[in-house]
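Undergrad: Pasting in a structure now, in structure tokens, and then I'll have a few things to ask.
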Amino acid sequence: MDEVIISKAITESYLKDLLDSMEVDVAIAGAGPSGMVAGYYLAKSKVKVAIFERKLSIGGGMWGGGIMFNRIVVQSEAKEVLDELGISAKQYQKGYYVADAVEAASTLCSRCIKAGSKIFNLLSVEDVMIREDDRITGLVLNWSAVALANLHIDPMAIRAKLAIDATGHDAEVCRIVARKTGAGLEVRGEKSMWAEVGENEIVANTKQVCPGLLVTGMAANAVFGSPRMGAIFGGMLLSGKKAAELAIDLLKKTKR
Ligand code: 48F
């Protein structure tokens with residue numbers, strides 16, 4: 001075994017993918033359930049997509065389910081997404097299905113990558129690129145370790161025809177856009193728990209919030225001031241699917 005060959009294999013293979021992902025159709029911030037569902041459906045439709053995740057582990061809030069019991073609940077409306085991904089679920093009561101959070105997160109991750117998404121962990125989105133008409137043209141990334149160590153290191157830039165904020169409760173990309181650009185975006189912040197309203201509104205809130213930037217998952221409810229919902233995940237899955245569908249439509253329009 002040659003340690004240098006091992007290091008070269010890792011470095012060359014990683015850098016090839018990173019270089020290739022510096023210009024993509026869609027760049028997604030955050031590899032939680034909504035971001036990975038969006039990535040899955042986009043890649044399945046042959047869209048070039050990269051997902052950037054701050055943490056070492058991907059899957060966001062899915063692993064712990066609710067209450068640190070690794071189960072998630074999904075309502076009937078979103079069961080089709082579990083079926084599409086091959087995640088098993090048992091009916092608990094009419095309209096409510098329970099799935100193993102570990103199976104759900106790991107299967108979603110695997111299907112997202114095998115469909116063709118590139119996922120890069122340990123990278124945080126710290127800014128966006130912006131051009132005329134307040135159009136978001138890409139994401140600005142730095143190694144998460146740089147922020148943790150408080151190092152003064154300049155970031156790298158990824159060009160994307162569209163970006164998706166899937167950063168969860170903090171809606172980090174939308175907050176950056178609201179704070180640093182003239183795009184007129186306001187982040188109202190999520191409201192207290194009300195599962196039914198939160199689940200209904202999350203799909204309606206999944207939209208393009210300024211030219212070139214869409215929002216999905218809990219970030220969508222944070223932007224529009226809708227409630228949180230606790231350990232029910234159907235809305236996240238449907239929101240990710242809708243974000244992918246909207247992005248595919250927008251990409252088709254820009255081609256014309
Ligand atoms: O938080 P997260 O799971 O968001 P989601 O897809 O799903 C929410 C549910 O998990 C749960 C819920 C169910 O009712 O409310 O909370 O909306 O995943 C967001 C991911 O984005 C990463 C973060 O580490 C997590 O894995 N993330 C957050 N900010 C950044 C980021 C950033 N600036 N750059 C890169 N990744």
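Undergrad: Looking at I248, I153, I232, which one is within 13 Å of the ligand (Cβ to nearest atom) and not aromatic (F, W, Y)?
TA: On the way: I248 fails: within 13 Å of the ligand (Cβ to nearest atom); I153 fails: within 13 Å of the ligand (Cβ to nearest atom).
Of the residues listed, the single one that is within 13 Å of the ligand (Cβ to nearest atom) and not aromatic (F, W, Y) is I232.
Undergrad: Mind listing whichever residues of the stretch 26-53 are outside any helix (DSSP H, G or I), open to solvent by less than 30 Å² (accessible area, probe 1.4 Å) and not β-branched (V, I, T)?
TA: Within the stretch 26-53, A27, A29, G30, A31, G32, A50, F52, E53 qualify.
Undergrad: Follow-up question, since we're still on this one. In this structure, does G198 turn out to be over 15 Å from the mean Cα position of the chain (by Cα), in contact (Cβ under 8 Å) with a residue 24 or more places away in the chain, buried (at least 21 other Cβ atoms within 10 Å of the Cβ) and within 9 Å of the ligand (Cβ to nearest atom)?
TA: So G198 passes the test.
Undergrad: For the subset of the stretch 59-72 comprising residues that are assigned to a strand (DSSP E or B) and within 9 Å of the ligand (Cβ to nearest atom), which member is surrounded by the most Cβ atoms within 10 Å (Cβ to Cβ)?
TA: I72
Undergrad: Taking only pairs six or more apart or across chains, which ones have beta-carbon atoms under 7 Å, a first residue in the stretch 140-159 that is under 16 Å from V128 (Cα atoms) and free of Cβ contacts under 8 Å to residues at least 40 places away in the same chain, and a second residue that is open to solvent by less than 100 Å² (accessible area, probe 1.4 Å) and in a loop (DSSP other than H, G, I, E, B)?
TA: What qualifies is V140/P155; N142/I153; N142/P155; W143/L122.
Undergrad: Of S124, S117, S110, which residue is of a type in the set (S, T, Y), in contact with a helix residue (DSSP H, G or I) (Cβ under 6 Å, 6 or more places away or on another chain) and away from the ligand (no atom under 13 Å from the Cβ)? Walk me through how you get there before you give the answer.
TA: Details: S124 fails: away from the ligand (no atom under 13 Å from the Cβ); S110 fails: in contact with a helix residue (DSSP H, G or I) (Cβ under 6 Å, 6 or more places away or on another chain).
That would be S117, the only listed residue that is of a type in the set (S, T, Y), in contact with a helix residue (DSSP H, G or I) (Cβ under 6 Å, 6 or more places away or on another chain) and away from the ligand (no atom under 13 Å from the Cβ).
Undergrad: Still on this structure: Going by the conditions given, is K161 more than 29 Å from G86 (Cα to Cα), out of contact with any Gly (no Cβ under 6 Å at 6 or more places or on another chain) and either open to solvent by 20 Å² or more (accessible area, probe 1.4 Å) or near the ligand (Cβ under 9 Å from one of its atoms) (or both)?
TA: Yes: the conditions hold for K161.
Undergrad: Looking only at the stretch 219-256, which residues are open to solvent by less than 10 Å² (accessible area, probe 1.4 Å), assigned to a helix (DSSP H, G or I) and out of contact with any Ser or Thr (no Cβ under 6 Å at 6 or more places or on another chain)?
TA: N221, A222, V223, G234, G235, L237, A244, A247
Undergrad: Does L56 satisfy being in a helix (DSSP H, G or I) and not small (G, A, S)?
TA: On the way: in a helix (DSSP H, G or I): no; not small (G, A, S): yes.
No: the conditions fail for L56.
Undergrad: What single numbered condition from (1) closer than 26 Å to V47 by Cα; (2) within 11 Å of the ligand (Cβ to nearest atom) fails to hold for L213?
TA: The number of the failed condition is (2).
Undergrad: Kindly indicate the residue of the stretch 32-57 that is more than 20 Å from D83 (Cα to Cα) and of a type in the set (G, A, S) and also nearest to the ligand (Cβ to nearest atom) among those meeting that condition.
TA: This residue is S57.
Undergrad: Shifting gears a bit: Please verify whether G212 is surrounded by fewer than 16 Cβ atoms within 10 Å (Cβ to Cβ), under 26 Å from E23 (Cβ atoms) and touching a residue at least 12 places away in the same chain (Cβ under 8 Å), treating the condition exactly as stated.
TA: In short, no.
Undergrad: May I pose another question? Residue by residue through the stretch 110-128, note down the ones that are under 18 Å from A29 (Cβ atoms) and open to solvent by 30 Å² or more (accessible area, probe 1.4 Å).
TA: Scanning the stretch 110-128 gives I113, K118, I119, N121, L122, E126, D127.
The values are calculated or read from the model by the stated rules, or taken from the named source; none is laboratory data. What you see is a predicted model; the values in this text were computed from it and never measured. Counting neighbours? That spans all protein chains shown, and the Cβs are built from the backbone with ideal geometry, glycine included. Heads up: the accessible areas ignore ligands, DNA and RNA and are worked out on the full protein's heavy atoms, side chains in. Shrake-Rupley method; radii C 1.70, N 1.55, O 1.52, S 1.80 Å.
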